[in-house]
Amino acid sequence: MPRTKVPHIFITLAARSLPAMEAQAAQYAGSPAGMELRLDHLKETLNFEDELRQMLARLHFPVSIATCRRVEAGGLFEGSIEEQKEILKAAVQAGCQWVDLERESLKQGGKALLGEFQSARLIVSCHDYRKMPEIGKTYQRMSRLPVQIIKIAGHARQLRDNIPVFQALKKHKHRNPKLVAMAMGACGVPARLLALRYGSRFTYAAPNHHQAAAPGQLAFEVMKSIYRVERLDLHTQLYGVVGSRASVSLSPAMHNAAFQAKRENAIYLPCETDRLSDFLGFARQLDFQGFSVTMPFKQGIIRHLDWLDPLAAKIGACNTVSVRRGQWMGWNTDAAAVIEVLTKRLRLPGSRILVLGAGGAGRAAAYALRAEGAEVILSARRETAARRLARATSAATVPWNSSEGLDVDAVVNATPVGMAPYADSLPVDLSRLRVRVVFDMVYYPMETRLLADARGRGLTTISGLEMLVAQGARQFEIWTGETAPRALMEQAVRQALGD
């Protein structure tokens, strides 16, 4: 069989019919990507071989993997080993160059099962959907099999579960380079993105954002264009965002676009975890050069820093860390961004500004605005927090939902009210206020109900997207010392929101 160069990324197609799979792959036809066909998802296999042959001919992918994962191995195929074998053999006859057999099928069917696919190249795979297996020991046992690839995937329950993946890949990169390893789940996204960097023969992607076949699987265009996984090497500097919902953050799209524009050999990773200590060990072991901090760690990160900017210390929250000569140094770029976007619309000294919320974003706004000489009025659902912040900043307070009749120059929404999936909610009734400028820190959706209401009343509006880019640009400049490509960063965020 002729040997075709193995692609770096295989797009996993998982649908109920071959036409549906073809629709998933159509936009990538003729690209250098590979294609994995999850045949266990098919509901009908009548005339399967002929239909698959025609589909492969139309798509022109260089390499195709036939996978028919049985229920025992985490797939959907409920048939016998014999039935699984016949489907995979038909796929090879139709033109698939590779076959993926699960370790469970091999144990049940015996090594003789491998001899049934002599005209194909073979992958033997091991999946653990509950935890991360001992990759080194598992690979050592499986590597004796007469196959071209050993694939090991486990579920990452914490960021540190990615480390064994990297260690195993580095160890076998030159000695016996037939290992493909990855971590599944939101915590395992870094392993998917860095697998090629550490020596995995290839990795897997979804055809788009909505059709992932495995937990944590990213869209092909995201891996290729936003993260540029094929260009990463061991000299690539690592940055990221840590938070309990980091996997859905827009910051990776924004910062990776900036790194690419400035020709920086760097990648910005989503690092999702519920425990800050998990991230700290992960970041130190991988030698991160900087990172963003989001909910719920903006306050907790402070005690782990070697130096903290005085304004961030007053606010009591840090959203930006840069590592310089081994020292972890922290800033709060939210505060500077609030001043930047508001200064474009009004003169801050002497202005009366209503700030909604007393959490991290509200604290940053209150401290920054008071430092500029603005008069701040605070309103929050947690009245105790609002009063505490008011005392610290010499601000006034009004009870939540009791701001009617106020005459202010601007209102700042520093709460999640109005954020999807609660996009119909309003943090304040503008009909009961006299106000000129409305600033909503929520950026998803881009046009919140609050902003739409303000615009309908002829008021000046500031979107959360502008705030996001402003604080992100300052982060980029802290990390690199270069001027941030703001227009490009905004374009990247808009594209990510559209996707």
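The numbered conditions (1) under 30 Å from Tyr239 (Cα atoms); (2) of a type outside the set (Ser, Thr, Tyr); (3) touching a Gly at 6+ places or on another chain (Cβ under 7 Å) are all true for Arg432 except (1). For beta carbons closer than 6 Å, sequence separation of 6+ or different chains, a first residue in segment 128-157 that is in a loop (DSSP other than H, G, I, E, B) and a second that is of a type in the set (Val, Ile, Thr) and crowded, with 20+ Cβ neighbours inside 10 Å, the qualifying pairs are Ser143/Ile150; Leu145/Val124; Val147/Val124. Screening the candidates Ala454, Ala423 for the property of being outside the structural domain of Asp309 (by TED's automatic domain parsing) and either within 30 Å of the chain's Cα centre (by Cα) or in contact (Cβ under 8 Å) with a residue 40 or more places away in the chain (or both) yields one hit, Ala423. Exactly one residue out of Ser225, Ser292, Ser277 is surrounded by fewer than 20 Cβ atoms within 10 Å (Cβ to Cβ), outside any loop (DSSP other than H, G, I, E, B), of a type outside the set (A, V, I, L, M, F, W, C) and not assigned by TED's automatic domain parsing to the domain that holds His155, and it is Ser277. One residue alone among Ala183, Ala156 is modelled with pLDDT of 95 or more and within 20 Å of Thr67 (Cβ to Cβ), and that residue is Ala183. Restricting attention to segment 474-497, the residues that are out of contact with any Gly (no Cβ under 9 Å at 6 or more places or on another chain) and either buried (at least 23 other Cβ atoms within 10 Å of the Cβ) or outside any helix (DSSP H, G or I) (or both) total 6. Close contacts from segment 466-481, counting a first residue that is farther than 17 Å from Asp440 by Cα and a second that is part of a loop (DSSP other than H, G, I, E, B), with Cβ to Cβ under 6 Å and a gap of 6+ residues or different chains, come to Ala473/Ala484; Phe476/Ala484; Glu477/Ala484. Is it the case, given these coordinates, that Ala473 is among the small types (Gly, Ala, Ser), over 25 Å from the mean Cα position of the chain (by Cα) and either outside the structural domain of Ser249 (by TED's automatic domain parsing) or at pLDDT below 95 (or both)? Here the answer is no, as Ala473 does not meet what is asked. Take the residues in segment 363-384 that are under 18 Å from Ser402 (Cα atoms) and crowded, with 23+ Cβ neighbours inside 10 Å; name whichever of them is farthest from the chain's Cα centre (by Cα). Applying the filter and picking the extreme gives Val376.
Selection of segment 407-425 for residues being of a type in the set (A, V, I, L, M) and either touching a helix residue (DSSP H, G or I) at 6+ places or on another chain (Cβ under 6 Å) or under 19 Å from Leu465 (Cβ atoms) (or both) yields Ala410, Val411, Val412, Ala414, Val417, Met419, Ala420, Ala423.
The values are calculated or read from the model by the stated rules, or taken from the named source; none is laboratory data. Owing to the predicted nature of the structure, the values given are computational and were not obtained by experimental measurement. Cβ sites come from the backbone with ideal geometry, for glycine too, and all protein chains shown count toward neighbours.
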